[in-house]
Amino acid sequence: MIFVVAGLALALATLTVVWLRSSCGLRSELRELAGRVPHGDDVSATGVSGAPKADRTAGPDGKGQLQLADALLAAGDGVVVVDSDGRELLRNAAAGRFASARHADALVEEALNELLDGARSGEPGERELQLFGPPREVLQLRALPLRADGRVAGAVAFVRDVSEARRVESVRRDFVANVSHELKTPIGALALLAETMAATPDDPTVLRQLAERVQREADRLGRIIDDLLDLSLIEAQEAPIRESVPVAVLLSESSERVRAAADTAGIPLEVESPSPSLVVACDRRQVVGAITNLLDNAVKYSEAGHPVELVVEADDEYVCIVVRDAGVGIPSRDLERIFERFYRVDRARSRATGGTGLGLSIVRHVAQAHGGDVTVESREGEGSTFRFKLAVSAQPARPTVVRSEVAEAS
């Protein structure tokens, strides 16, 4: 044991010395570059447009350059600085992953070198790279010449990870396109039905059938709008209200909302009765709505006689509400996307059952808003199991009245 400790101490000391030497060397190189660049207002980093972006002034002792180096080393974006000969003076930790890299990162290093070569020639450059990973990344590269006294004294390149920004932009575009399409369908149907009703004013039977269809389309449009409002409310809540609610109450209210539909479809609904002491801190309305959505989907996609189970798995930290069915299942290619807004595995069947395509997206947002998660396991033709996880509440439950109400799920 003594030899092991001594060996670890020696290795740590060696690494420390190497780091100090490399750091001092870097600082010396920066001083050398600073010494070749006159101090004053004539030192600038030229932006992509060719206009000065920022001026850096330092005293004779070079402290300004060292402070700038420290800032660049600590930056979250990747930074690479070279002199006019292309000699690398600084590479921070964020850019270190690309040095001597392989595979996708090697492409980034190659692009950095090309941009830096262009910047040393006085031409700023910018490029966006998509790395297919895993994980998938989108990197924005930018190189700028560093000028002094009208000549190029070096170049700097920046690497910024814009993956999340691009993902959000893609989600926004898809959402706008999808919601426009989903709203256009019932609105177009309503216009067509109204036109048909106006053309057949003397046939009560046809008018009655058309009026029923108008009501169904109006209800569908209302459900889409309600679900969109629910999603907006969940996402906008910075400090949502939480109350301690027994899990048994959540299961009872959710199952009662879908029991009538389950009975009509001939599907047994098997609900576990957890301990009254098992409590979660949650927005009761949101969580009941999320569980109802899971149960409603299970009923809609199950065959008559096949039960839908609602059970609870719990430990010291989390309560996992499990909805299990033996229905049609979900193809493996769709498992990663079923929680997206308006995504449907079987569009024809979803429209026939009156779904809006927003139910599972609401479930995911409710789970995340409560610090939990929702997952799915499924085999096509064998059924699906959804696990809706919530944090356990340490507070005692307040007296709660269990209400039985039947409502149509989204």
Give the number of residues within the stretch 131-151 that are open to solvent by less than 90 Å² (accessible area, probe 1.4 Å), within 30 Å of the chain's Cα centre (by Cα) and farther than 16 Å from residue 77 by Cα.
2
Just need a number here: residues in the stretch 120-140 that are in contact with an Asp or Glu (Cβ under 7 Å, 6 or more places away or on another chain) and within 12 Å of residue 158 (Cα to Cα).
2
Looking at the stretch 212-230, can you tell me whether even one residue there is open to solvent by 60 Å² or more (accessible area, probe 1.4 Å), without any contact (Cβ under 8 Å) to a residue 60 or more places away in the chain and closer than 30 Å to residue 118 by Cβ?
no
Looking at the stretch 188-211, which of its residues are surrounded by 12 or more Cβ atoms within 10 Å (Cβ to Cβ) and among the β-branched types (Val, Ile, Thr)?
196, 200, 206
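Do we find that residue 157 is touching an Asp or Glu at 6+ places or on another chain (Cβ under 9 Å) and in contact (Cβ under 8 Å) with a residue 40 or more places away in the chain in this structure?
On the way: touching an Asp or Glu at 6+ places or on another chain (Cβ under 9 Å): no; in contact (Cβ under 8 Å) with a residue 40 or more places away in the chain: yes.
Answer is no for this residue.
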Could you say which residue among 235, 253 is of a type outside the set (Gly, Ala, Ser) and open to solvent by 40 Å² or more (accessible area, probe 1.4 Å)?
235
So which of 122, 118 is part of a loop (DSSP other than H, G, I, E, B) and open to solvent by less than 40 Å² (accessible area, probe 1.4 Å)?
122
Kindly indicate whether residue 254 is of a type in the set (Gly, Ala, Ser), under 31 Å from the mean Cα position of the chain (by Cα) and assigned to a helix (DSSP H, G or I).
yes
Among the strands (runs of 3 or more DSSP E) confined wholly to the stretch 296-398, which include 1 or more residues that are among the acidic types (Asp, Glu) and either at pLDDT 90 or above or surrounded by fewer than 17 Cβ atoms within 10 Å (Cβ to Cβ) (or both)?
308-314, 318-325, 373-379
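The rows are residues; the columns are (1) closer than 30 Å to residue 181 by Cα; (2) of a type outside the set (Asp, Glu); (3) in a strand (DSSP E or B); (4) modelled with pLDDT of 85 or more.
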residue: 224; (1), (2), (3), (4): yes, yes, no, no
residue: 232; (1), (2), (3), (4): yes, yes, no, no
residue: 249; (1), (2), (3), (4): no, yes, no, yes
residue: 258; (1), (2), (3), (4): yes, yes, no, yes
residue: 261; (1), (2), (3), (4): yes, yes, no, yes
residue: 285; (1), (2), (3), (4): yes, yes, no, yes
residue: 288; (1), (2), (3), (4): yes, yes, no, yes
Please identify the pairs in which a residue from the stretch 323-338 that is touching a residue at least 12 places away in the same chain (Cβ under 8 Å) and more than 19 Å from residue 388 (Cβ to Cβ) has its Cβ atom under 9 Å from the Cβ atom of a residue that is open to solvent by 50 Å² or more (accessible area, probe 1.4 Å) and among the aliphatic types (A, V, I, L, M), counting only partners at least 6 apart or on another chain.
328/345; 331/345
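When residues of the stretch 116-130 are filtered for being within 31 Å of the chain's Cα centre (by Cα) and not charged (D, E, K, R), how many remain?
Of the residues in the stretch 116-130, 3 are within 31 Å of the chain's Cα centre (by Cα) and not charged (D, E, K, R).
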I want to confirm something. Restricting to the stretch 234-247 and keeping residues that are at pLDDT below 75 and among the small types (Gly, Ala, Ser), which single residue is nearest to residue 273 (Cα to Cα)?
239
Output the number of the condition that residue 98 fails; it satisfies all remaining conditions of (1) among the aromatic types (Phe, Trp, Tyr); (2) open to solvent by less than 70 Å² (accessible area, probe 1.4 Å); (3) under 25 Å from the mean Cα position of the chain (by Cα).
(3)
Looking at (1) assigned to a loop (DSSP other than H, G, I, E, B); (2) within 26 Å of residue 230 (Cβ to Cβ); (3) open to solvent by 50 Å² or more (accessible area, probe 1.4 Å), which is the one condition that is false for residue 275?
(2)
Return the pairs, sorted by first residue and then second, in which the second residue is among the aromatic types (Phe, Trp, Tyr), the first residue lies in the stretch 85-110 and is under 30 Å from residue 151 (Cβ atoms), the beta carbons are less than 8 Å apart, and the residues are 6+ apart or on different chains.
108/98; 109/98
Going through the stretch 152-186 in order, the residues found to be part of a helix (DSSP H, G or I), open to solvent by 40 Å² or more (accessible area, probe 1.4 Å) and at pLDDT 85 or above are 164, 165, 166
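The values are calculated or read from the model by the stated rules, or taken from the named source; none is laboratory data. On a predicted model such as this, the values are computed, not experimentally measured, just so you know. Please note: Cβ atoms are built from the backbone with ideal geometry, for glycine as well, and neighbour counts cover all protein chains shown. Only protein heavy atoms, including side chains, enter the accessible area calculation; ligands, DNA and RNA are left aside. Shrake-Rupley method; radii C 1.70, N 1.55, O 1.52, S 1.80 Å.
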